[in-house]
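Data first, discussion second: the structure below is written as C-alpha cells.
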Amino acid sequence: MISKRFYEALEDIVKEKGIPRETILEAFEQGIISAYRKNFGKDTAEVRIDFKEKTNKIVVYGIKHVVEEVTNPANEITLEEAKKISKNCDIGDTVEIEVTPKNFGRIAIQSAKQRVQQAVIEAEREIIFNRFKDREQDLITGLMNRRDEKNIYIHLDRVDGILPIKELLPNEEFIPNERIKVVISRIEKTTKGPLIFLSRTSPILIKRLFELEVPEIYDGIVEIKAVARDAGDRSKVLVHSKDENVDPIGACIGPAQTRINSIIKEVKGEKIDLALYSSDPKELIKQAISPAKVIAVIIKDEKNKQSQVIVPNNQLSLAIGKRGQNARLAHQLTGWKIDIKSEKEAMEADIEF
C-alpha cells in the first residue's frame, strides 16, 4: 500500500518546485524495482511497476520471454507455462506475471525514498540550469546573501550566483540583503548543480544599464557600438543613432541628465564619456579621444589600424589621460592604435597635418 500522503507530497513538489510529475514517479518506480530485485528477485529480473492510485497499491509484474527451453528462469518461461497466462502467446512473445511480494509496500517505499529525493535534487538543478543557460551577459538583480574570502554570493531565486570579490567595483563593500545589479558572465554545469558567475566590472554592465535606462536603445533607435572600461574609474561608450532626428548622446544623457546620472549612481560614481560613432576612421578616433580637442588625425597604416593624433599643446595630458587611461580606452573603443602628439612635438618631428 502507498499512503495517500505520498500523492499529496508528490503534488506539492510538482507545484512548489516545478518538477514534472513523471520525473518523480519514474524515480519512485526505479527505486521500487531496485528494492524488488534486491529483496525478492535476481538482479537481472525484468519487472514492471503499476501504481494503483485509486486503491493506493503497488503491483509488481515480472516480464517473461517465451522460449522453447528455459536457461534463465528469472526472465524466461516455456510456451506451455506461458499459455496458462495467455492462450494466444507464442515463442518470442512476452508475458507478465504478478509477482508482488506480501508486505512489499513498506520495503519498497523506504527503498525508493532516497531515489526520489535524489531525483528531486537533480531535477531542480536541471531546471535552474535551463533557466540561466541562455542568459550569459544578461543584467540581473539579486540580494547580497553571504561572503567568504574570495566570493560574495548573490541570491537569484532558488540559487546563489557567485560574484568574485575581484569583480566588485573598487569602492564597493558587501552589505547583507542589499539589492545589487550584476551581469551574468559565465555559467557552468557541474555534478553539484549549475555555477553562475557574476560581474560588476564587465563593460557589458555599462551597456546593459544604458539599455535599461534609455528607451531609445530599448526601441532600437539608438545603438551602443562599443564600451571600453576601467571599472570603478572611467568608461567610454560609443553610440549611434539610426534616426537622424534623434541625438544619441542627448538620449543617453536624458532630461536634466537623469538617465546618465542614474547609471553613474549605480556604478558608484564611475565617470562615463559618450562618443559619437562614425564609419570614418578619422572622425571615429577624434570622437574617442574626447574630451580632449583634436587638431588632426593621420591614418598611418589602415590595414594594421595604426593612427597618429595631433592635439593642441595644452590638451596633450588630457588626451593621454592619467596613466594613459584616455588613450588606452580610446584604443579599446575603436580598435585603432593611437599615437598622440602635441602640436609642438608634431612640428619638431616635421609631421604634416
Helix-derived mean residue ellipticity, 222 nm - over the chain, DSSP H n ≥ 4, -39500 (n - 2.57), to 500: -11000 deg cm²/dmol
ILE165 paired with GLU178, simple spin-label distance in nm, labels 7 Å along Cα-to-beta-carbon: 1.5 nm
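How much FRET efficiency would the formula 1/(1 + (r/R0)^6) give for ASP280 and ASP134, where r is the Cβ-Cβ distance and R0 is 35 Å, rounded to 0.05?
Efficiency for this residue pair is about 0.45.
Between ILE85 and LEU318, what is 0.36 nm times their sequence separation minus the Cα-Cα distance? Round to one decimal in nm.
74.5 nm
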Cβ-derived FRET efficiency at R0 51 Å, GLU188 paired with LYS271, nearest 0.05: 0.90
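Quick check: residue separation of GLU352 and HIS240 times 0.36 nm, minus the Cα distance between them. What number comes out in nm?
37.2 nm
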Pair LYS225, LYS150: separation of 7 Å Cα→Cβ label points (nm): 4.0 nm
Contour excess over end-to-end distance, with Cα ends at GLU302 and LYS38 and 0.36 nm allotted per residue: 87.6 nm
Two-site label geometry, ASN103 and GLU8: point separation in nm, points 7 Å out along Cα→Cβ: 2.7 nm
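A short reminder: the numbers here are calculations on the coordinates, not readings from a lab. Bear in mind the structure is a predicted one, so any value in this text is a computation, not a measurement. Because the Cβ atoms are built from the backbone with ideal geometry, glycine has one as well, and the counts that use them run over all protein chains shown.
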